């Protein structure tokens, strides 16, 4: 960590010195020995390509303000000295702290715009990212014909170099494997080339069909300018980009920018204490569900045992990870009554209560929306005599929430009254049958003190208000609620994702968001061989995308074959193989996740309304925003927050820097940070 801070101080000093030497009569308002003002905003020159879109999405998701110049827009602004810089109160100002280009010279070498941009970068020490270009001497690399290589990178293993680890990619530990999700499709093309003088490689690869290693990402310092040169194609969804994106933005901003980026994983286990229905492998449906017709007995339900609870607690201790137990106490009490009045599972979970987080899931898991008319498939909303929709009442909803909470308090569970997950996310709108929230829901939430109500990310990916409460979108995992064994899971997966010709439902062929399996999975091996790696890859993609949304599964997945654990083990193992200890997984509560979304929304609004001013002068960063707005900032180790008297350490450490949501100190109108000085 100390080495990282030292590297930044040297860079900052060099940039300041270079800026001061180059400021002269050609820059309006230039004065000797005056540090320029560098605004904390990025310029993005967009050609419509996937690489620039990916970096733009990283900036947006992180919270970094940026200005886009669309090369395909005939009415776009022209890059001139006045567009790029001016003076403020007699001090030279650079309007952008970094520049993202589709390649090294999108305006054409020697053109007026290219010359203006290069002069600007040279004058103020502004870094430039070449989002995707080919290997050639113009970017500090040999041609690939000179000991390099070009072709598909699918499945190949790259690594961060020593220089990369001491720069902005030091949060990565191990080899980085390029995705190869479809062997018949080329997913990532690249140029692996040898560096020339002035080029420092940060991410490289053994030269295929050759010897030595060649660069994929590196810094080219020349003519008083610095470029980060990327020589492989990517899009915003590919894991290799998602893992490297933090380093790209860190380099672009020299580790000082608005916004923050962390890796999150939370897992909600729904229906704890309750049993879950079981998939029927013969009828291809779940007896007891509304859409499972044809008669026949219901299969034995799936419910955790005390031994499963012991295993869950032990697994958490081994992995250093906490699950959220989303519980239905009333369903557990019903089970106890039906099975002799005792319940070893409840006893075990209560004994281990402090090892989990607990979330209210209503007392008996009823549907809290409209009253369901199940006389038809699919069901419809029942109507009152006047033709209006019949809904569960406010009092009934409040009782379900209150009774579950009171039970938890009586048992000493560490439960937060403000958090709620309703059964099937009911009460919230459910398309197509119920296009609006139950109008009684918001009042019931207010009556019971609920501030954070879970929603299904596949239906509603954005946070929204429900009365005075806010939603917390959750990612559904493709580990089904109605299976307890690997064979059952593979069988239901086949039904959903196999074509009708292969014995599946054929739904995959008509759903534009789905694809059909090439052939059905072997029910004996398909879960471990296909489903586990696929679900782990999808979830890891969320983790490394600065996405705090929790994932949700069900208690049935911790029972019988305990099929959830192989997925979680794979996610955590793959993550830890990639990331250094400085970038641990953030495991947040539902309330903390909701608060994160709330702060992000307020921040995006402030930036969009031009209510944020942020800049760096020398080693001082100043940010103003609307009163009460939490400001996300990322800065190097050693950064201090300025108080009226003295300073205090800023933020918390993560991935080699420090970051936090912050506000101005008492009696101050602006947030002021002091960066580590040379």
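The values are calculated or read from the model by the stated rules, or taken from the named source; none is laboratory data. These numbers were taken from a predicted model, which means no experiment stands behind them. FYI the Cβ positions are ideal-geometry reconstructions off the backbone, even for glycines, and counts take in every protein chain you see.
Restricting to region 612-636, what's the tally of residues that are assigned to a loop (DSSP other than H, G, I, E, B) and under 18 Å from residue 259 (Cβ atoms)?
Residues that pass the stated criteria total 5.
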(message) residue 237 - would you say it is exposed (fewer than 15 other Cβ atoms within 10 Å of the Cβ) and either more than 30 Å from residue 623 (Cα to Cα) or in contact with a strand residue (DSSP E or B) (Cβ under 8 Å, 6 or more places away or on another chain) (or both)?
(response) yes
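Quick test for you: out of 539, 559, 490, 500, pick the one residue that is free of Cβ contacts under 8 Å to residues at least 40 places away in the same chain and in the same structural domain as residue 286 (by TED's automatic domain parsing).
Exactly one of 539, 559, 490, 500 is free of Cβ contacts under 8 Å to residues at least 40 places away in the same chain and in the same structural domain as residue 286 (by TED's automatic domain parsing), namely 500.
Of 583, 666, 678, which residue is part of a loop (DSSP other than H, G, I, E, B), in contact with a helix residue (DSSP H, G or I) (Cβ under 9 Å, 6 or more places away or on another chain) and modelled with pLDDT under 95? Write out each step before concluding.
Details: 583 fails: modelled with pLDDT under 95; 666 fails: in contact with a helix residue (DSSP H, G or I) (Cβ under 9 Å, 6 or more places away or on another chain).
Going through 583, 666, 678 in turn, just one is part of a loop (DSSP other than H, G, I, E, B), in contact with a helix residue (DSSP H, G or I) (Cβ under 9 Å, 6 or more places away or on another chain) and modelled with pLDDT under 95: 678.
Evaluate region 337-352: report whether one residue or more is in contact with a strand residue (DSSP E or B) (Cβ under 8 Å, 6 or more places away or on another chain), in the same structural domain as residue 584 (by TED's automatic domain parsing) and modelled with pLDDT of 95 or more.
Taking every residue of region 337-352 in turn, at least one turns out to be in contact with a strand residue (DSSP E or B) (Cβ under 8 Å, 6 or more places away or on another chain), in the same structural domain as residue 584 (by TED's automatic domain parsing) and modelled with pLDDT of 95 or more.
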(message) Quick test for you: out of 567, 612, pick the one residue that is in the same structural domain as residue 528 (by TED's automatic domain parsing) and touching a helix residue (DSSP H, G or I) at 6+ places or on another chain (Cβ under 6 Å).
(response) 567
(message) Could you tell me how many of the residues in region 118-128 are surrounded by fewer than 24 Cβ atoms within 10 Å (Cβ to Cβ) and under 24 Å from residue 57 (Cα atoms)?
(response) 3
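Is it the case that region 414-428 has a residue that's more than 30 Å from the chain's Cα centre (by Cα) and in the same structural domain as residue 471 (by TED's automatic domain parsing)? It would help to see each step written out before you state the result.
So the first thing to find is which residues in region 414-428 are more than 30 Å from the chain's Cα centre (by Cα), and the list is none.
Among the residues of region 414-428, not one is more than 30 Å from the chain's Cα centre (by Cα) and in the same structural domain as residue 471 (by TED's automatic domain parsing), which makes the answer no.
Can you tell me which of 144, 115 is buried (at least 22 other Cβ atoms within 10 Å of the Cβ) and either touching a residue at least 40 places away in the same chain (Cβ under 8 Å) or outside any strand (DSSP E or B) (or both)? Quick ask: steps written out before the conclusion?
Numbers: 115 fails: buried (at least 22 other Cβ atoms within 10 Å of the Cβ).
Within the list 144, 115, the selection yields 144.
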(message) I need the full set of residues from region 437-487 which are over 26 Å from residue 559 (Cβ atoms) and in a helix (DSSP H, G or I), in order please.
(response) 441, 442, 443, 444, 445, 446, 447, 448
(request) Look at region 247-305 and say how many of its residues are part of a strand (DSSP E or B) and touching a strand residue (DSSP E or B) at 6+ places or on another chain (Cβ under 8 Å). (result) 11
(request) Select, from 445, 517, 470, the only residue that is more than 26 Å from residue 422 (Cα to Cα) and under 29 Å from the mean Cα position of the chain (by Cα). (result) 517
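Mind checking which residues of region 373-400 are assigned to a strand (DSSP E or B) and either under 20 Å from residue 293 (Cα atoms) or not assigned by TED's automatic domain parsing to the domain that holds residue 443 (or both)? Show your work before the answer.
Step one: filter region 373-400 for residues assigned to a strand (DSSP E or B), giving 373, 380-381, 383, 389, 391.
Correct list: 373, 380, 381.
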(request) Sort out which residues of region 76-112 are loosely packed, with under 13 Cβ neighbours inside 10 Å and either within 34 Å of the chain's Cα centre (by Cα) or assigned to a loop (DSSP other than H, G, I, E, B) (or both), and write them in order of number. (result) 77, 78, 89, 90, 108, 109, 110
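For region 48-75, give me the residue count where each residue is free of Cβ contacts under 8 Å to residues at least 60 places away in the same chain and either touching a helix residue (DSSP H, G or I) at 6+ places or on another chain (Cβ under 8 Å) or assigned to a strand (DSSP E or B) (or both).
Taking region 48-75 as the starting set, the residues that turn out to be free of Cβ contacts under 8 Å to residues at least 60 places away in the same chain are 48, 56, 60, 66-75.
Next cut, either touching a helix residue (DSSP H, G or I) at 6+ places or on another chain (Cβ under 8 Å) or assigned to a strand (DSSP E or B) (or both) only: 66-70.
So the answer is 5.
For region 274-283, does any single residue satisfy the condition of being free of Cβ contacts under 8 Å to residues at least 60 places away in the same chain and either under 28 Å from residue 573 (Cβ atoms) or crowded, with 20+ Cβ neighbours inside 10 Å (or both)? Before the answer, list the steps.
Filtering region 274-283 down to residues free of Cβ contacts under 8 Å to residues at least 60 places away in the same chain leaves 280, 282-283.
Filter once more, keeping what is either under 28 Å from residue 573 (Cβ atoms) or crowded, with 20+ Cβ neighbours inside 10 Å (or both): 280.
Yes, because at least one residue in region 274-283 is free of Cβ contacts under 8 Å to residues at least 60 places away in the same chain and either under 28 Å from residue 573 (Cβ atoms) or crowded, with 20+ Cβ neighbours inside 10 Å (or both).
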(message) Give me the residue from region 170-185 that is more than 22 Å from residue 211 (Cβ to Cβ) and touching a helix residue (DSSP H, G or I) at 6+ places or on another chain (Cβ under 7 Å) and, out of that set, surrounded by the fewest Cβ atoms within 10 Å (Cβ to Cβ).
(response) 174
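This table checks each residue for (1) surrounded by 17 or more Cβ atoms within 10 Å (Cβ to Cβ); (2) touching a strand residue (DSSP E or B) at 6+ places or on another chain (Cβ under 8 Å); (3) free of Cβ contacts under 8 Å to residues at least 40 places away in the same chain.
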{"site": "448", "(1), (2), (3)": "yes, yes, no"}
{"site": "454", "(1), (2), (3)": "yes, yes, no"}
{"site": "460", "(1), (2), (3)": "no, yes, yes"}
{"site": "468", "(1), (2), (3)": "no, no, yes"}
{"site": "483", "(1), (2), (3)": "yes, yes, no"}
{"site": "496", "(1), (2), (3)": "yes, no, yes"}
{"site": "508", "(1), (2), (3)": "yes, no, yes"}
{"site": "519", "(1), (2), (3)": "no, no, yes"}
(request) Could you list, in sequence order, all residues of region 521-550 that are part of a loop (DSSP other than H, G, I, E, B) and surrounded by 15 or more Cβ atoms within 10 Å (Cβ to Cβ)? (result) 521, 523, 544, 545, 546, 547, 548, 549, 550
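Test residue 176 against the criterion of being at pLDDT below 95 and either in contact with a strand residue (DSSP E or B) (Cβ under 9 Å, 6 or more places away or on another chain) or closer than 28 Å to residue 578 by Cα (or both), and give yes or no.
On the way: at pLDDT below 95: yes; either in contact with a strand residue (DSSP E or B) (Cβ under 9 Å, 6 or more places away or on another chain) or closer than 28 Å to residue 578 by Cα (or both): yes.
Yes, satisfied.
Please find, within region 184-193, the residue that is nearest to residue 143 (Cα to Cα) out of those that are in contact (Cβ under 8 Å) with a residue 24 or more places away in the chain and more than 26 Å from the chain's Cα centre (by Cα). Let's see the steps before the verdict.
If we filter region 184-193 for residues that are in contact (Cβ under 8 Å) with a residue 24 or more places away in the chain, which is where we start, we get 186-193.
Those still in the list that are more than 26 Å from the chain's Cα centre (by Cα) too: 191-193.
On the way: 191: 9, 192: 9, 193: 7 Å.
So the residue we want is 193.
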(request) Go over the candidates 167, 150 one by one and state the one that is closer than 21 Å to residue 212 by Cα and not assigned by TED's automatic domain parsing to the domain that holds residue 537. (result) 150
(message) One residue is enough: does region 375-392 have a residue meeting the conditions within 36 Å of the chain's Cα centre (by Cα) and either without any contact (Cβ under 8 Å) to a residue 12 or more places away in the chain or closer than 22 Å to residue 275 by Cα (or both)?
(response) no
(message) Regarding region 197-204, can at least one residue be identified that is in contact (Cβ under 8 Å) with a residue 60 or more places away in the chain, over 15 Å from residue 139 (Cα atoms) and in contact with a strand residue (DSSP E or B) (Cβ under 9 Å, 6 or more places away or on another chain)?
(response) no
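Rundown of residues vs (1) modelled with pLDDT of 95 or more; (2) farther than 26 Å from residue 611 by Cα; (3) assigned by TED's automatic domain parsing to the domain that holds residue 214, yes/no style:
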residue: 33; (1), (2), (3): no, yes, no
residue: 56; (1), (2), (3): yes, no, no
residue: 71; (1), (2), (3): yes, yes, no
residue: 91; (1), (2), (3): yes, no, no
residue: 96; (1), (2), (3): yes, no, no
residue: 106; (1), (2), (3): yes, yes, no
